[in-house]
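S.K.: Dumping the structure here so I can ask a few things about it.
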Amino acid sequence: MSYQSLEAAVLDLERTGQLVRIPQEIDPYLEMAAIHRRVFAAKGPAILFERIKGSPFRAVSNLFGTLERSRFIFRDTIQMVQQLIRAKANPAELLKSPIAIAKLPFAAMYALPQRVYWPQSVLSLQTKISQLPQIQSWHRDGGAFILLPQVFSLTPGQAGIMQSNVGMYRVQLSGNQYIQDKEIGLHFQIHRGIGVHATRARERKELLKVSIFVGGPPAHTLSAVMPLPEGISELTFAGVLGGRRFRYFHRNGHVLSADADFVITGTVDLSQTKPEGPFGDHLGYYSLQHNFPVMQVESVYHRKNAIWPFTVVGRPPQEDTSFGLLIHELTGPAIPTEIHGLHEVNAVDAAGVHPLLLAIGSERYVPFQDVQRPQELLTIANNILGFGQLSLAKYLIISNKSDDSALHTHNIPDFFQHILARIDWKRDLHFYTNTTIDTLDYSGAGFNRGSKVVLAAVGKPIRNLATQLSQELRLPSGFSNPRVVAPGILGIQSSLSKPFLPEERTALYQYIATEIKELTNSLEAYPELINDFPLLVLCDDSTFLAKNFDNFLWITFTRSDPAADIYGVGECSYQKHWGCSGSLIIDARIKPFHAPALESLPEIEAKVDLLALPGKPLHNII
């Protein structure tokens with residue numbers, strides 16, 4: 001449906017029974033976020049907060065809380081967007097569908113942004129940063145944040161609207177050293193479009209003009225987070241998905257969205273930074289305090305009866321999981337057309353997205369050879385690790401399509417069984433050391449620093465995967481409670497018995513190497529018991545690890561850095577290629593330099609419980 005405003009979407013969801021109102025005054029400090037998390041976990045409706053402590057504005061969350069609701073919001077345009085993306089990725093394929101071709105002119109009607117000269121709505125009123133809903137999601141957060149911003153910037157020296165970037169970069173409204181109402185923190189990470197604009201502004205010794213849009217039609221929000229193919233503008237996407245051209249105007253040297261609920265304008269001096277964070281992020285941990293650019297606030301505009309949209313991020317699944325599912329529906333088929341030989345990819349949400357990427361490719365280089373080994377798969381893997389945000393993958397696991405045509409990357413337990421039954425640890429591990437990793441990942445050697453590994457498997461199974469562990473296995477002191485996670489995967493409990501400071505990494509890893517050497521020596525005595533568990537995970541709580549597959553994914557791939565934390569039974573190295581003849585070991589124990597995991601506070605959860613009592617708005621919802 002073509003919503004002209006956020007309120008129109010809210011009223012439509014309410015009319016169809018997909019929204020609940022909370023008339024009670026709710027505290028934006030932790031309580032709003034806790035309500036959101038509980039309703040999301042229950043697969044509940046969107047939530048309209050009608051009274052927010054300390055703010056005159058309403059707020060809405062969980063708009064995209066389920067894939068079904070996201071499809072409903074964009075029910076009239078979603079197929080047209082899919083066709084547009086496919087046409088961009090593969091024009092020849094489009095010629096096979098005359099109906100699809102016939103629909104594209106309608107998409108073109110909405111694609112070009114529309115400049116307006118007499119805007120009214122968003123300029124109706126002005127306010128201050130401190131009057132906006134000061135939503136803090138987790139108790140160790142550095143302050144309040146905008147959680148669904150559309151951060152707009154233009155390439156310095158180029159005024160054309162199609163040269164713009166719209167991204168969802170978190171914005172800190174309060175706390176730390178920010179001057180209230182005058183400064184806000186602007187956090188953008190590597191591989192983000194605004195980084196190109198910032199570099200250009202620094203080269204020209206100019207201030208970077210930035211506008212932050214909040215609210216407006218739901219298509220505008222989704223456009224800010226879309227990994228669009230090269231050449232498709234976020235504004236074009238917003239227009240086509242929203243079924244209405246993106247409307248904008250100029251004000252005091254800034255570009256403003258005419259349909260946003262709020263617009264914050266200001267400038268960024270790239271030579272100045274201030275501490276930003278901590279912030280509870282989508283990996284399930286706090287991203288710690290670091291210096292990031294500061295935006296000098298000029299104006300804060302809003303429309304009458306404006307609604308402040310927000311979400312909550314944390315350990316998956318959260319609402320951004322639904323974002324990811326919708327994005328995959330829209331753009332997933334286009335990615336293989338960009339990388340020759342690639343059939344599908346899955347940035348695994350349960351593992352925090354960037355830490356783990358699964359892929360299926362074609363191995364066709366030398367089909368006449370009797371003994372197969374990964375070759376084309378490694379070429380595909382190199383392409384994946386150089387492709388947009390996929391390049392942030394830390395663990396990339398890739399299989400061969402022809403080995404099992406029914407295999408899919410979204411059936412994750414089956415995918416792991418397929419790989420573990422075939423992989424040769426002596427040959428099929430390929431490390432990338434001393435490289436960049438996701439800004440939010442604290443498992444590596446430092447900020448934005450760590451390693452990657454490609455695990456590639458081709459051919460017929462070379463082992464049977466065990467599902468039960470023999471009682472004869474004896475582990476050395478400090479290792480206990482072995483638990484079967486899934487076929488071929490064993491969790492072993494162990495905590496660091498000696499304390500280290502975060503900066504003592506060298507000493508820490510020397511100590512760990514000694515510990516694990518004792519473990520591998522012990523395991524070599526049980527080859528018939530352990531070899532059918534090709535993957536061992538060291539963790540602080542093996543019962544938690546083995547409770548479900550999502551726990552295994554989260555613990556294993558968010559708490560390990562491949563080059564530092566992978567070991568093996570029967571380790572060997574030949575011409576700088578490392579491998580092992582027995583089980584691979586991933587040390588996913590908490591290290592002293594890791595960021596703390598997110599935890600909710602019992603007293604806040606107790607407040608949420610009261611809203612679920614009979615007669616209260618969340619009764620029979622949570």
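S.K.: In nm, what is the difference between 0.36 nm times the number of residues separating Thr16 and Arg427 and their Cα-Cα distance? Spell out each step's value before the answer.
M.R.: Numbers: separation 411, 0.36 × 411 = 147.96 nm, distance 5.60 nm.
Result for the pair: 142.4 nm of gain on full extension.
S.K.: Show which lysines lie in cross-link reach of Lys517 when reach means a straight Cα distance below 30 angstrom and same-chain residues fewer than eight apart are skipped.
M.R.: Result set, ordered by chain and number: Lys394, Lys426, Lys452, Lys498, Lys547, Lys576, Lys591.
S.K.: Give me the distance in nm between label points sitting 7 Å out from Cα along the Cα-to-Cβ direction at Ala108 and Leu207, one decimal.
M.R.: Placing both labels 7 Å beyond Cα along the Cβ direction yields 4.1 nm.
S.K.: Can I ask one more? Relative to the longest principal axis of the chain, what angle (0 to 90°, nearest 10) does the C-alpha long axis of helix 412-422 take?
M.R.: Computed tilt is about 30 degrees.
S.K.: To check you understand DSSP bridge types, tell me what percent of the beta bridges within the chain (both residues inside) are antiparallel, rounded to 5.
M.R.: Details: 69 of 102 bridges.
If I count the DSSP bridges inside the chain, around 70 percent turn out antiparallel.
S.K.: Measure out, as a whole number of angstrom, how far apart the alpha-carbon centroids of the range 560-622 and the range 488-504 sit.
M.R.: Between the Cα centres of the range 560-622 and the range 488-504 lies a distance of 13 Å.
S.K.: Separate question: Using only the alpha-carbon atoms, how far is helix 505-523 inclined from the longest principal axis of the chain? Give it as 0 to 90 degrees, nearest 10.
M.R.: 50
S.K.: Can you work out the FRET efficiency for the pair Gln158 and Phe549, with r the C-beta to C-beta distance and R0 = 51 Å, to the nearest 0.05?
M.R.: Numbers: r = 48 Å, r/R0 = 0.93.
The computed FRET efficiency comes out at 0.60.
S.K.: Next question, about the same structure. Using the crude model of +1 on Lys and Arg Cβ and -1 on Asp and Glu Cβ, and no other charge, please compute the dipole size for the range 201-277 relative to its Cα centre, in debye to 20. All intermediate terms of the calculation are to be shown ahead of the outcome.
M.R.: Values: 9 positive and 8 negative charges, 47 e Å.
Around 220 debye, computed over the range 201-277.
S.K.: Here is a further query. Based on the mean of other beta carbon atoms within 10 Å per residue, what is the order of 556-565, 394-403, most packed first?
M.R.: Numbers: 556-565: 23.4, 394-403: 21.7.
Those peptides, ordered most packed to least, come out 556-565, 394-403.
S.K.: Next up: Would any residue of the range 573-615 have its amide N under 16 Å from a label point 7 Å out along Cα→Cβ of Ala507? List them or say none.
M.R.: Backbone N within reach: 592-593.
S.K.: So what does the Cα-only Debye profile of the chain read at q = 0.12, 0.13 Å⁻¹, as log10 I(q)/I(0), no solvent term?
M.R.: -1.30, -1.45
S.K.: Then there is this: What distance in nm separates the simple spin-label points at Gln131 and Gln471, each placed 7 Å from Cα in the Cβ direction?
M.R.: Computed distance between label sites Gln131 and Gln471 equals 7.2 nm.
S.K.: Can you find, among His418, Gln18, Val210, the residue sitting farthest towards the positive end of the charge dipole of the chain, where Lys and Arg contribute +1 and Asp and Glu -1 at Cβ?
M.R.: The listed residue farthest towards the positive side: Val210.
S.K.: At 1.4 Å probe size, put Glu329, Glu183, Glu524 in order of accessible surface, largest to smallest.
M.R.: On the way: Glu329 50, Glu183 15, Glu524 95 Å².
Most to least solvent-accessible, the answer reads Glu524, Glu329, Glu183.
S.K.: Then there is this: Can you give the FRET efficiency to the nearest 0.05 for Glu329 and Glu50, using r as the Cβ-Cβ distance and R₀ = 22 Å? Could the numbers behind the result be given before it?
M.R.: On the way: r = 33 Å, r/R0 = 1.48.
Working from the Cβ atoms, E equals 0.10.
S.K.: Averaged per residue, what accessible area in Å² does the chain show with a 1.4 Å probe, protein chains only? Display every interim value, and only then the final one.
M.R.: On the way: 25610 Å² over 622 residues.
With the other protein chains kept in place, the chain gives 41 Å² per residue.
S.K.: For Lys517 and Asn176, compute 0.36 nm times the residue count separating them, minus their Cα-Cα distance, and round to one decimal in nm.
M.R.: The span from Lys517 to Asn176 would gain 118.3 nm if fully extended.
S.K.: Under 28 Å Cα to Cα from Lys304, which lysines show up? Leave out anything in the same chain fewer than 8 places away.
M.R.: Leaving aside lysines fewer than 8 places away in the same chain, those within reach of Lys304 are Lys53, Lys128, Lys182, Lys209.
S.K.: If one takes the longest principal axis of the Cα atoms in the chain, at what angle in degrees, from 0 to 90 and to the nearest 10, does the Cα axis of helix 98-111 lie?
M.R.: Taking Cα atoms only, the helix is inclined about 60 degrees.
S.K.: Based on DSSP, what percent of beta bridges with both residues in the range 294-417 are antiparallel, to the nearest 5?
M.R.: Values: 5 of 11 bridges.
Roughly 45 percent of the DSSP beta bridges within the range 294-417 come out antiparallel.
S.K.: Among 146-153, 284-291, how do they line up from the highest to the lowest mean number of other beta-carbon atoms within 10 Å? Write out the running numbers ahead of the final one.
M.R.: Working: 146-153: 25.6, 284-291: 18.5.
Top to bottom by mean Cβ count within 10 Å: 146-153, 284-291.
S.K.: So, one more: Would you mind getting me the FRET efficiency between Asn434 and Ala8? Use the beta-carbon distance for r and R0 = 56 Å, nearest 0.05.
M.R.: Details: r = 51 Å, r/R0 = 0.91.
Computed FRET efficiency for Asn434 and Ala8: 0.65.
S.K.: Calculate the dipole size of the range 442-597 relative to its Cα centre from +1 charges on Lys and Arg beta carbons and -1 charges on Asp and Glu beta carbons; express the result in debye to the nearest 20. Spell out each step's value before the answer.
M.R.: On the way: 14 positive and 15 negative charges, 66 e Å.
It works out to roughly 320 debye.
S.K.: Show me the ranking of peptides 474-481, 335-342 by mean Cβ neighbours inside 10 Å, starting with the highest.
M.R.: Per-residue Cβ counts within 10 Å, averaged per peptide and sorted highest first, yield 335-342, 474-481.
S.K.: Which length gain, in nm to one decimal place, applies between Glu524 and Tyr117 when the Cα-Cα distance is subtracted from 0.36 nm times their residue separation? Numbers along the way, then the final one.
M.R.: Values: separation 407, 0.36 × 407 = 146.52 nm, distance 7.57 nm.
Here the answer is 139.0 nm.
S.K.: Then there is this: Given charges of +1 on the Cβ of Lys and Arg and -1 on the Cβ of Asp and Glu, with all other atoms neutral, how large is the dipole of the chain about its Cα centre, in debye to the nearest 20? Show your work: numbers first, answer last.
M.R.: Working: 57 positive and 58 negative charges, 320 e Å.
Dipole about the Cα centre, nearest 20: 1540 debye.
The values are calculated or read from the model by the stated rules, or taken from the named source; none is laboratory data. Remember, predicted model here, so these are calculated numbers, not experimental data. Ideal geometry is used to build each Cβ from the backbone, glycine not excepted, and the neighbour counts take in all protein chains shown. Each accessible area value is taken on the protein alone, full model and side chains, heavy atoms only, with ligands, DNA and RNA left out. Shrake-Rupley method; radii C 1.70, N 1.55, O 1.52, S 1.80 Å.
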